[in-house]
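Peer 1: Take a look at this one; I'll ask things after.
The values are calculated or read from the model by the stated rules, or taken from the named source; none is laboratory data. Source: prediction; values computed, not measured. All Cβ positions, even for glycine, are placed from backbone atoms using ideal geometry, and neighbour counts span all protein chains on display. Accessible surface is based on the protein model in full, side chains and every heavy atom, while ligands, DNA and RNA are left aside. Shrake-Rupley method; radii C 1.70, N 1.55, O 1.52, S 1.80 Å.
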Amino acid sequence: MELPADFIQQTREIMGEELFGRYLASFDGEVPVSIRLNPRKCHLSADSASRWMADEAGGAAPVPWCEYGFYLPTRPNFTFDPLLHAGLYYVQEASSMFLGHVLRELSHTGWTLGEGAYALDLCAAPGGKSTLLRSMLPEDCTLISNEPMRNRAEVLAENVQKWGYARHLVTNNYPKDFRKSGLQFQLILCDVPCSGEGMFRKDEATIGEWSLQNVNRCWQLQREIVSEAWQCLCGGGVLIYSTCTFNTKENEENIRWMIEELGAEVIPVRTEQSWSITGSLLPGFQEPVYRFIPGVTKGEGLFMCILRKGGDSSVRGGRNKQGMNTSNYHERATRNSCERSSRNQLSLRILSDGEYPVGMSKGKTVVPAHAEAIYIDRNTAKYPTAELTYQQAVSYLRRESIVLDYDVPHGFVVVTFEGVPLGFVKNIGSRANNHYPESWKIKTTHIPQDYEAILRHT
């Protein structure tokens, strides 16, 4: 694998010889494979999940900064695992799971989202950080996951629906559309488009797209995105900034710009030394930032920084000039302001509205929405279920007709694999017509004879 000469020179200068040498050596090793469980579909506590994964996934090791994240000993063929398609787990690069640790640690700073909070993931596709964020937010919070590119937004909507949580919307808009809408959020994740240096080991195509000119384009675009997002952030709200790149222009220099131009306050979070997370690599910049370098940390490249917005409606505790404790008042003011503005979704292109899914009338028949089958809080008594064999489950995911047992009722049926819902069929006896979404189907004609179980649910 040949890296661009400009990249080598720039990154060696930023990292220094020791870190850069360890980074280069990582290309000769195996790329870690990791997944994150869906806690509400697995019905497991974090401790139980660790024991279960050690037993069921051939000795899977925990990702130390994410309660439900695990390294797998080998890379399986995920495409043919029905439990992945059912949303029981998500294949996510381990460094990206650091978001989970950040969200847990924020509570130790005295900052809380508050009841009925609104959160925004502004550049969310394909959905790894969004599904993690939704898993950790209180159930009464609303998350909007947005992606500006339509084809990527469709993939995001698929992954969000498979994850199965309520109050999780998917939109297809540009950052400026949110600023114009007047929506306000207590929490915004800006996982901004970047030059992708941290993905070189995992995705060789990103190497050919890299150039110094692209780095310059990226840091300017990133500031435009953050500027729009900052106007959508409530006073006292938190913005989490992340990239998958190494250079300081897209990372520390952007954070310094946010501090100087936007008045942002950087929030530190506690980490363990054993995680080998690297801090600032910009001389003279001492704010707490978190950089994951392959060969140093067990994962791909990531940069993250947590910033808080000041303002009269800050949810930080304290006393006003008259000595009155203002923390509760400020929290209510922030929440009420955000709720009023968030009810007015102006001109946003909504792909999934986060409400309980309902079907579509076709003549005298109501065809159920696919999401109704895989929704976590679905009405389990509304439709009968039928358990599929592995071969049947893969055929179903390829959107082929299947034949159910003779005693399965006619009509719409939720088909399951290892007890986990996959979607709907309409059983007519001689066959069951497939209602799996066309755009989601497995397109390969190959069907494995045996199930290579990554984890077992039953």
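Peer 1: Mind checking region 92-154 for GluC sites (Glu not before Pro) that DSSP puts in a loop (not H, G, I, E or B) and that have at most 11 other Cβ atoms within 10 Å?
Peer 2: Passing both the DSSP loop test and the Cβ count: Glu139.
Peer 1: If you don't mind, another one. Please calculate the 1.4 Å probe accessible area of Met149, with all protein chains present, and give it to the nearest 10 Å².
Peer 2: Rounded to the nearest 10, the figure is 100 Å².
Peer 1: At R0 = 41 Å, how high is the FRET efficiency between Lys176 and Arg270 if r is their beta carbon distance? Nearest 0.05 is fine.
Peer 2: 0.70
Peer 1: Could I ask something else about it? Rolling a 1.4 angstrom probe over the protein chains, ignoring ligands and nucleic acids, what is the accessible area of Arg152 in square angstrom, nearest 10?
Peer 2: 110
Peer 1: If you place +1 on the Cβ of every Lys and Arg, -1 on the Cβ of every Asp and Glu, and leave all else neutral, what size is the dipole of region 100-222 about its Cα centre, to the nearest 20 Debye?
Peer 2: 180
Peer 1: In nm, to one decimal, how far is the modelled label at Thr444 from the one at Leu24, with both set 7 Å along Cα→Cβ?
Peer 2: It is 3.6 nm.
Peer 1: If you don't mind, there's one more thing I want to ask. For Thr278 and Glu387, calculate 0.36 nm times their separation in residues minus their Cα-Cα distance, and state this gained length in nm to one decimal.
Peer 2: 34.5 nm
Peer 1: Report, in whole Å, the centroid distance computed from the Cα atoms of region 140-199 and region 367-442.
Peer 2: Measuring centre to centre over Cα atoms gives 29 Å.
Peer 1: Moving on to the next point. At 0.36 nm per residue, minus the direct Cα-Cα distance, what do Glu2 and Glu261 gain on full extension? Give it in nm, one decimal, please.
Peer 2: 89.4 nm
Peer 1: Also: Rounded to the nearest 500, what is the chain's calculated 222 nm mean residue ellipticity when only DSSP H runs of at least 4 contribute -39500 (n - 2.57) each, over all residues?
Peer 2: -9000 deg cm²/dmol
Peer 1: Go through Ala381, Met199, Gly21 and say which Cα lies farthest out towards the positive end of the charge dipole of the chain; charges sit on Cβ, +1 for Lys and Arg, -1 for Asp and Glu.
Peer 2: It is Ala381, whose Cα lies furthest towards the positive end.
Peer 1: Another question about this same structure. Name the shape class, rounded, prolate or oblate, that the alpha-carbon gyration tensor gives for region 369-458, where a ≥ b ≥ c are the square roots of its eigenvalues, rounded holds for a/c under 1.5, and otherwise prolate holds if a/b is larger than b/c and oblate otherwise.
Peer 2: rounded
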